[in-house]
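Note sheet for the following structure.
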Amino acid sequence: MALVLCHSLKGGVGATFLAAHLAMGLSQLEGSDGVASPRGSGDVALMTTSTSDLTPLHLGLPPAQRLPSMGSLAEASVLVNGINLYCEPNALADADFLPRLEDAGYLSAASNRTLVIDVPAGERMLARRLMAHATVHVCPLMASPDCLALLPQLLDEAGDWGAARTAYVIGKLDETRKLARHVAAFAREVLGDRLIGKIRNDQAVPEALAMLQLLSRYAPASAALADARLIADTVGMILAEERQAALASEEQAAAPISSGPAARPGASRAA
Ligand SMILES: Nc1ncnc2c1ncn2[C@@H]1O[C@H](COP(=O)(O)OP(=O)(O)OP(=O)(O)O)[C@@H](O)[C@H]1O
Ligand SMILES: [Mg+2]
C-alpha cells in the first residue's frame, strides 16, 4: 500500500510544505528494477483534507485554484508535473472515502501508485483512522520546546504501529539558534533512526509562495528544497522496500495454488 500520511500533532510546522514536496520528489524517483519505486508521471497523487491550506501555492498554482475531489469528472482534474491534486474536506464523515482510496489502488499492497495525504494538525481523528492504512506516516515536528513537550504523547499514541512506520522530520529548523540546535540534537537522541531528516528554515519558501512560483523555479538552490528532496528519497526507499515485501508475500500466498497438482502438469503426471 502506498499511502503516505503527512500529519503532525502541532500546526504550522511545515506539514503542507513537506507533503507537497514529498509528492514532487516521489514523482521524480525512478525504480532501477522498474517496479520498486513510485515512478513516472501519474503514479503519484497529492491530497489535502483542508480547503484552507497552501497546497495549490506550493505547486505553483494561484491561491484561488480549487482542487477537485477524487470522484470528480476527469475534466475537473488538476494535474501539475504529472501529480494529480485532490481536496477531500469531508474525508472524516464520508463513509466511502476509504473504499474510494482502495478502488483507486492506493491501499493495495502491491500497487505502485502513491498517494501523499496531508491531514492538518486539527484533524487528529482522521489522521488516526488513516494511520491504519498508511505505508508510512511522516510526522514533522519543530525544534521547539512545545513540540518536544508533545513527543511523549506522540510516541505513546503511535504505539507499536508508529514505532515501525512513523518517520519524523524536523521542520523549519533554524540552525543559527542555539535552542533549536539543542532541541534538534535531543530529538535525534530520542528518535534515533526514526528521525529521517530535517528541513531548514528558509526564507525562499514563503517568498516563492508570495511570487506564485514553484520553489524549484524561484530558488533552485534553496536549502529547504534540498532537504525536502533528501527526505523524499528516503521515503521513496521505504515505499520501495514495503512494495517489494508486499509483492514477495503475495507471491508466497499464491505459491500453493500454482504449485498444486492441477497447476503443474508434470507433477500430476509424476503422481
Ligand atoms: N522550511 C521552511 N522555511 C520557512 N518557512 C516555511 C518552511 N516550511 C513552511 N514554511 C512556512 O510556514 C508556514 C506554515 O507551513 P505549512 O502550511 O506547511 O504548515 P502546516 O504544518 O501544514 O500547518 P497546518 O497544520 O496549519 O496546516 C507557511 O507560511 C509556510 O510558507
Ligand atoms: Mg497544513
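The values are calculated or read from the model by the stated rules, or taken from the named source; none is laboratory data. Everything quoted here is computed from the prediction, not taken from an experiment. Here the Cβ is made from the backbone with ideal geometry for all residues, glycine too, and neighbour counts use every protein chain on show.
Okay, here's what the table says:
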read-out	value
The listed residue being within 16 Å of ligand 2 (Cβ to nearest atom), touching a residue at least 12 places away in the same chain (Cβ under 8 Å) and assigned to a helix (DSSP H, G or I), out of Leu209, Leu239	Leu209
Residue ID - farthest from the chain's Cα centre (by Cα), chosen from residues in region 216-230 that are away from ligand 2 (no atom under 16 Å from the Cβ) and touching a residue at least 24 places away in the same chain (Cβ under 8 Å)	Arg217
Candidate set from region 72-128 (those that are polar (S, T, N, Q) and surrounded by 13 or more Cβ atoms within 10 Å (Cβ to Cβ)); member that is nearest to Leu22 (Cα to Cα)	Thr114
Test: residue in region 168-175 that is more than 19 Å from the chain's Cα centre (by Cα) and modelled with pLDDT of 95 or more	yes
Any hit, region 134-152, residues being hydroxyl-bearing (Ser, Thr, Tyr) and in a loop (DSSP other than H, G, I, E, B)	yes
Tally of residues being out of contact with any Pro (no Cβ under 9 Å at 6 or more places or on another chain), among the aliphatic types (A, V, I, L, M) and more than 15 Å from Leu115 (Cα to Cα) across region 51-99	7
Per-region count, region 189-213, residues surrounded by 14 or more Cβ atoms within 10 Å (Cβ to Cβ), over 19 Å from Phe17 (Cα atoms) and of a type in the set (D, E, K, R)	1
Checklist (1) more than 13 Å from ligand 1 (Cβ to nearest atom); (2) touching a residue at least 12 places away in the same chain (Cβ under 8 Å); (3) within 14 Å of Ser8 (Cβ to Cβ) applied to Pro145, failing item	(3)
